[in-house]
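In what follows, a single structure is set out as structure tokens and then discussed.
The values are calculated or read from the model by the stated rules, or taken from the named source; none is laboratory data. Keep in mind the model is a prediction, meaning the values are calculated, not measured. Glycine gets a Cβ as well: all are built from the backbone with ideal geometry, and neighbour counts include every protein chain shown. These area figures cover heavy atoms from the full protein model, side chains too; ligands, DNA and RNA do not enter into them. Shrake-Rupley method; radii C 1.70, N 1.55, O 1.52, S 1.80 Å.
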Amino acid sequence: MKLPRRQFLRLTAGAAALPLVSRIAGAETYPSRPITIVAPAAPGGVMDVIGRMLAERMKNSLGQPVIVENVSGAGMTIGVGRVARAAPDGLYAWLR
């Protein structure tokens with residue numbers, strides 16, 4: 001396989017920049033504040049139980065408090081809407 005010179009230079013520049021980018025990205029600890037899980041169903045239901053079990057395991061592995069918030073009503077659309085309108089944060093905040 002023969003690479004054109006420009007493509008070779010782009011690949012080398014990208015490979016050289018990877019260690020620098022990974023150091024910058026790894027500088028911030030994630031998560032840096034409490035995590036909220038929105039369970040769009042009534043308290044005591046299956047989603048609530050699964051959310052609380054997941055929250056306990058996340059709390060133990062991440063070392064951050066995890067809150068389960070039950071937002072029921074309107075066929076789960078109220079909870080989904082709350083998540084959609086939430087302020088961007090965390091890992092994918094730069095996509096917005």
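Key figures for this structure:
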{"read-out": "Single residue of the stretch 1-21 satisfying the filter (in a helix (DSSP H, G or I) and open to solvent by less than 80 Å² (accessible area, probe 1.4 Å)) that is modelled with the highest pLDDT", "value": "Thr12"}
{"read-out": "Looking only at the stretch 50-96, and only at residues there that are hydroxyl-bearing (Ser, Thr, Tyr) and within 17 Å of the chain's Cα centre (by Cα), the one that is modelled with the lowest pLDDT", "value": "Tyr92"}
{"read-out": "The stretch 69-81 residues that are assigned to a loop (DSSP other than H, G, I, E, B), paired with ones that are open to solvent by 60 Å² or more (accessible area, probe 1.4 Å) and of a type in the set (A, V, I, L, M, F, W, C) (beta carbon under 9 Å, 6 or more apart)", "value": "Val71/Ile78; Val71/Val80; Val71/Val83; Ser72/Ile78"}
